[in-house]
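Input: a single structure, listed below in structure tokens.
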Amino acid sequence: MTAPRALMILGPTASGKTDLAVRLALRFHGEVVSMDSALVYRGMDIGTAKPTLEERHGVPHHLIDIREIGESYSAADFAADAARLVEDIAARGRLPIIAGGTMLYAKALREGLNDMPTTAPEVRDSVADEAERLGWPAMHAKLAQVDPVTAARLAPNDKQRIGRALEVYRMTGRPLSSFHAKRTADEAAFPVRALGLLPGDRAELHRRIGLRFERMLEAGFLDEVRGLMARPDFREESPAMRAVGYRQAIDFLRGRTKEAVFREAGCAATRQLAKRQMTWMRSMSDVTLVDPWSESAEDRGAMLAEDVERALGL
């Protein structure tokens, strides 16, 4: 493999990515580049489990709080920003550590992304109207007929991603998965060493997800969402508000669901996200997978960090 330029830490939500990244950064004189599509937004702190200044332990963190909630931030944006930051961090004689759970961002950085087609408004409206009549599980079944690869990694009620995949197919006649075709190594932004945190105890992961969600509620998550909804740039269908937990909170605050339904829906959506993240990780090549709650997790991370340090000449 080509000499790495950075260390990447992947994993599902609640698997301890941030804690491990900070510990390795302290140990190896590093800086953290966030790889999370929700942490880029200002004002979305509690529901994203955004690391506090205290939790960062003085380690510089990048790509956090760089967008307002009405703005977009794409995988291509991330790949360009991360590539620039890795060069800057290495030039300062520090170890770049890219950490997060947005797997499309990881793919963009490791493999590059083919150009995605834009969707014509009439096609988007047609898909939305059809979903209104048939329901999203039925649309998911339709997607499985034309793009089984994409359908297999989406939940039947993931309306945003199912809709996008169907729009792409109807615009181009090609499945969305064909636009994610793997590129050659020299087309990637730069080579990285990747460590994937893959929990072996699914029940323990679910317990931690539930506990974290309850702590978010105690910390004022619903007040945070109320504040976002009162902002002039708030749009319910914006990319920021598609983040897990926020969609469910908006439904509850709009009176569409009861509190008990909201709590269960928030945890269920987070569990589904974690399942998708782990599926993505297993499909990735050249990723060292470890159980985050085993004694070997930090040791394997340290070994990879040392490998990257040597390659960068730090």
Inset, instruction - Scan region 237-248 for residues that are modelled with pLDDT of 90 or more and in a loop (DSSP other than H, G, I, E, B) and jot them down. - result: ALA243, VAL244, GLY245
Inset, instruction - State which residue pairs qualify: first residue assigned by TED's automatic domain parsing to the domain that holds GLY101 and modelled with pLDDT of 95 or more and inside region 36-47, second residue among the charged types (D, E, K, R) and not in a loop (DSSP other than H, G, I, E, B) in any location, beta carbons under 6 Å apart, and separation of 6 or more residues or different chains. - result: VAL40/ARG67; TYR41/ARG67; ILE46/GLU224
Legend entry - Flag if ALA274 is touching a Phe, Trp or Tyr at 6+ places or on another chain (Cβ under 6 Å) and within 26 Å of LYS50 (Cβ to Cβ): no
Inset, instruction - Go through region 150-171 residue by residue and tally those that are of a type in the set (A, V, I, L, M), surrounded by fewer than 17 Cβ atoms within 10 Å (Cβ to Cβ) and at pLDDT below 90. - result: 1
Inset, instruction - Working carefully through the options VAL308, VAL244, VAL225, find the one that is assigned by TED's automatic domain parsing to the domain that holds ASP19, closer than 21 Å to ALA6 by Cα and surrounded by 14 or more Cβ atoms within 10 Å (Cβ to Cβ). - result: VAL308
Inset, instruction - Being under 16 Å from the mean Cα position of the chain (by Cα) and either surrounded by fewer than 18 Cβ atoms within 10 Å (Cβ to Cβ) or among the small types (Gly, Ala, Ser) (or both) narrows it down to one of ALA83, ALA79, so name that one. - result: ALA79
Inset, instruction - Answer yes if at least one residue in region 112-128 is buried (at least 18 other Cβ atoms within 10 Å of the Cβ), touching a strand residue (DSSP E or B) at 6+ places or on another chain (Cβ under 9 Å) and β-branched (Val, Ile, Thr), and no otherwise. - result: no
Inset, instruction - Under 8 Å between Cβ atoms, at least 6 apart or on separate chains: pull out the pairs that start in region 254-268 with a residue that is in contact (Cβ under 8 Å) with a residue 24 or more places away in the chain and at negative phi and end on any residue that is assigned to a loop (DSSP other than H, G, I, E, B) and of a type in the set (A, V, I, L, M, F, W, C). - result: GLY266/VAL244
Legend entry - In region 269-297, residue nearest to LYS17 (Cα to Cα) [restricted to those that are in contact (Cβ under 8 Å) with a residue 40 or more places away in the chain, in a helix (DSSP H, G or I) and touching a strand residue (DSSP E or B) at 6+ places or on another chain (Cβ under 9 Å)]: ALA297
Inset, instruction - From the list ALA79, ALA3, ALA83, pick out the single residue that is hydrophobic (A, V, I, L, M, F, W, C), at pLDDT below 95 and part of a loop (DSSP other than H, G, I, E, B). - result: ALA3
Legend entry - Filter pass, GLY200 being surrounded by fewer than 14 Cβ atoms within 10 Å (Cβ to Cβ), part of a helix (DSSP H, G or I), in contact (Cβ under 8 Å) with a residue 12 or more places away in the chain and not polar (S, T, N, Q): no
Inset, instruction - Could you tell me which of the residues GLY30, GLY70 is surrounded by fewer than 20 Cβ atoms within 10 Å (Cβ to Cβ) and of a type in the set (Gly, Ala, Ser)? - result: GLY70
Legend entry - Conditions (1) of a type in the set (Phe, Trp, Tyr); (2) closer than 17 Å to THR48 by Cβ; (3) assigned to a helix (DSSP H, G or I); number of the one not met by PHE262: (2)
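The values are calculated or read from the model by the stated rules, or taken from the named source; none is laboratory data. All of these numbers come straight from a predicted model, not from anything done at the bench. Note: ideal-geometry Cβ built from the backbone for every residue, glycine included; neighbour counts use all protein chains shown.
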